[in-house]
Amino acid sequence: MVKEKPGSTRTYDEDGFRRRAACLCVRDEQETEVLLVTSSRAPERWIVPGGGLEPDEEPSVAAIREVVEEAGVRGHLGRCLGTFENPERKHRTSVFVLVVTEELDEWEDSKSIGRQRRWFPVEEALGLLSIHKPVQCSYLKLLTRNDKIFVTGFPHRFKKH
């Protein structure tokens with residue numbers, strides 16, 4: 001299903017959930033630091049860059065597009081951590097790991113809405129996300145798992161690809 005919104009097109013899955021994609025942007029293969037961006041709704045809060053899929057767009061392509069728009073970075077797309085469900089907002093987000101190789105001086109959201117980006121140690125990022133973005137915390141918790149395999153116990157549903 002597709003719905004038009006001024007300036008964008010929103011796509012939905014068969015259950016009525018908005019289809020989204022995001023990237024946990026890491027500085028290097030050690031994955032000890034992640035890049036967060038300021039929220040467009042609440043600029044004092046930090047979030048994982050991501051957004052909606054365009055019609056017929058693959059989640060991996062959307063994830064790369066969204067990090068360039070929101071965070072102004074490019075890199076090598078790595079593994080998919082899975083699809084995470086936010087039942088409160090009716091979102092399903094496919095989350096990928098992106099090893100950043102380039103940081104742009106200016107990017108779309110920095111110019112249009114003054115969005116900021118910043119690198120955080122994973123533990124600090126978890127603390128920032130835990131209050132307002134618990135689903136995004138679950139992405140990050142999965143990133144930090146040594147075996148990179150999902151275990152039960154996250155507060156939100158997870159669907160493995």
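What the table below lists for this structure:
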quantity: Residue among Trp107, Ile64, Pro121 farthest towards the positive dipole end of the stretch 56-121, charges placed on Cβ; calculated: Pro121
quantity: Global geometry of the stretch 1-100, whether rounded, prolate or oblate, following the gyration tensor of its Cα atoms and the 1.5 cut on a/c; calculated: prolate
quantity: Cα-based reach from Lys133 at 15 Å (exclusive), listing aspartates and glutamates while leaving out same-chain residues under 8 positions away; calculated: Glu44, Glu85, Glu88, Glu123, Glu124
quantity: Relative packing of peptides 39-51, 109-121, 15-27 - highest average C-beta neighbours within 10 Å first; calculated: 15-27, 39-51, 109-121
quantity: Cα gyration tensor shape of the stretch 37-91, rounded if a/c is under 1.5, else prolate or oblate by comparing a/b with b/c; calculated: oblate
quantity: Under 18 Å from the Cα of Lys90 - aspartates and glutamates, other chains or at least 8 residues apart; calculated: Glu4, Asp13, Glu14, Asp15, Glu54
quantity: Convex hull (Cα only) mean projected area of the stretch 79-130, reported in nm² to one decimal; calculated: 5.3 nm²
quantity: Charge dipole magnitude, Cβ of K and R +1, D and E -1 - the stretch 5-124, Cα centre, debye nearest 20; calculated: 460 debye
quantity: Percent accessible area from carbon and sulfur atoms, the stretch 1-149, protein chains only, probe 1.4 Å; calculated: 46 percent
quantity: Förster radius 25 Å - calculated FRET efficiency between Arg45 and Val99 (Cβ-Cβ, nearest 0.05); calculated: 0.50
quantity: The stretch 20-129: relative contact order as a whole-number percent, Cα under 8 Å and 6+ apart; calculated: 35 percent
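The values are calculated or read from the model by the stated rules, or taken from the named source; none is laboratory data. Because the structure is predicted, anything quoted here is derived from the model rather than measured. Note that each Cβ is placed from the backbone with ideal geometry, even for glycine, and that neighbours are counted across all protein chains shown. Quick note on the areas: whole protein, heavy atoms, side chains included, nothing else; ligands and nucleic acids left out. Shrake-Rupley method; radii C 1.70, N 1.55, O 1.52, S 1.80 Å.
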